[in-house]
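One structure is given here, and the rest of the page talks about it.
The values are calculated or read from the model by the stated rules, or taken from the named source; none is laboratory data. Since the model is a prediction, treat every value here as computed from it, not as a measurement. Glycine gets a Cβ as well: all are built from the backbone with ideal geometry, and neighbour counts include every protein chain shown. Surface accessibility is based on the protein's heavy atoms, side chains included, excluding ligands, DNA and RNA. Shrake-Rupley method; radii C 1.70, N 1.55, O 1.52, S 1.80 Å.
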Amino acid sequence: IHPDNPNICYVAAMGRMFAENSERGIFRTIDGGENWEQVLYLNDSTGAIDIAINPQNPDMTYAAMWERVRRPDRRSYGGPSCGIFRSEDGGDTWQELTSGLPSGSNVGRIGITISPSEPDVLYAIYADKTGYFEGVYKTLNGGDFWQQTNDASLSNMFSSFGWWFGRIRVDPVNPDIVYGIGFDLYKTTNG
């Protein structure tokens, strides 16, 4: 929800679980939910799984996209269209953020969070395609450049269920306090 205008809301949509479809991506309303428009769409197999809005500049919006295809006999939880996208104009246009972030066919679910007290600080948590923990990444400049921050102690955070967990949250006051949410809960106090 836009912090200054509750009529503007975004939804991260994954679409139908067992079928490729166009009902995936980021949808936005500017009239309190009366009408919705799809503002970010990559393809019929990739949806949006997480979204973060800069509280001091709400036109700056971030979306985590996840390629996922599931059938009764097949699970594909990642691929080359997984990534983080940023809009600087309230969702009208989007660009993929790539500097310092994983890419390629082994990328899985991504979670993203923005620091309310220092909105240039964001964290992203990555799983690989099979659901194992891949890494935590941090940016200090609104997403232009990211750096991996985690150490080996987090290696089993998802216990192969990263497609289920995939969440990360930052303290509302201190941008160095961050929680990685997986099979176990992890906390850092030093960014």
* Structure fact -> Per the list (1) surrounded by fewer than 13 Cβ atoms within 10 Å (Cβ to Cβ); (2) part of a loop (DSSP other than H, G, I, E, B); (3) without any contact (Cβ under 8 Å) to a residue 24 or more places away in the chain, residue check on ASP176 breaks on (1)
* Asked: When the residues of the stretch 67-94 are filtered to those that are modelled with pLDDT of 95 or more, in a strand (DSSP E or B) and not charged (D, E, K, R), which remaining residue is nearest to ASN5 (Cα to Cα)?
  -> SER87
* **Residue count for the stretch 130-150, restricted to those that are farther than 18 Å from GLY166 by Cβ and touching a Gly at 6+ places or on another chain (Cβ under 6 Å)** => 2
* Can you name every residue in the stretch 102-113 that is open to solvent by 20 Å² or more (accessible area, probe 1.4 Å) and either of a type outside the set (D, E, K, R) or over 24 Å from ALA13 (Cβ atoms) (or both)? -> PRO102, SER103, GLY104, SER105, ASN106
* Asked: Somewhere in the stretch 127-134, is a residue under 12 Å from TYR62 (Cβ atoms), of a type outside the set (Phe, Trp, Tyr) and either open to solvent by less than 20 Å² (accessible area, probe 1.4 Å) or not in a loop (DSSP other than H, G, I, E, B) (or both)?
  -> no
* **Selected residue (criterion: nearest to GLU118 (Cα to Cα)) from residues of the stretch 143-189 that are in contact with a helix residue (DSSP H, G or I) (Cβ under 9 Å, 6 or more places away or on another chain) and of a type outside the set (Phe, Trp, Tyr)** => GLY180
* To do: From TYR77, TYR137, grab the single residue that is buried (at least 19 other Cβ atoms within 10 Å of the Cβ) and within 25 Å of PHE27 (Cβ to Cβ).
  => TYR77
* Of everything in the stretch 1-45 that's more than 16 Å from THR61 (Cα to Cα) and aromatic (Phe, Trp, Tyr), which residue is surrounded by the most Cβ atoms within 10 Å (Cβ to Cβ)? -> TRP36
* Asked: Restricting the first residue to the stretch 93-121 and requiring it to be in contact (Cβ under 8 Å) with a residue 60 or more places away in the chain, which pairs with a second residue that is hydroxyl-bearing (Ser, Thr, Tyr) and open to solvent by 50 Å² or more (accessible area, probe 1.4 Å) meet a Cβ separation below 9 Å and a spacing of at least six or different chains?
  -> THR113/TYR179
* Condition met for TRP146 (of a type outside the set (Lys, Arg), crowded, with 19+ Cβ neighbours inside 10 Å and within 30 Å of VAL69 (Cβ to Cβ)) -> yes
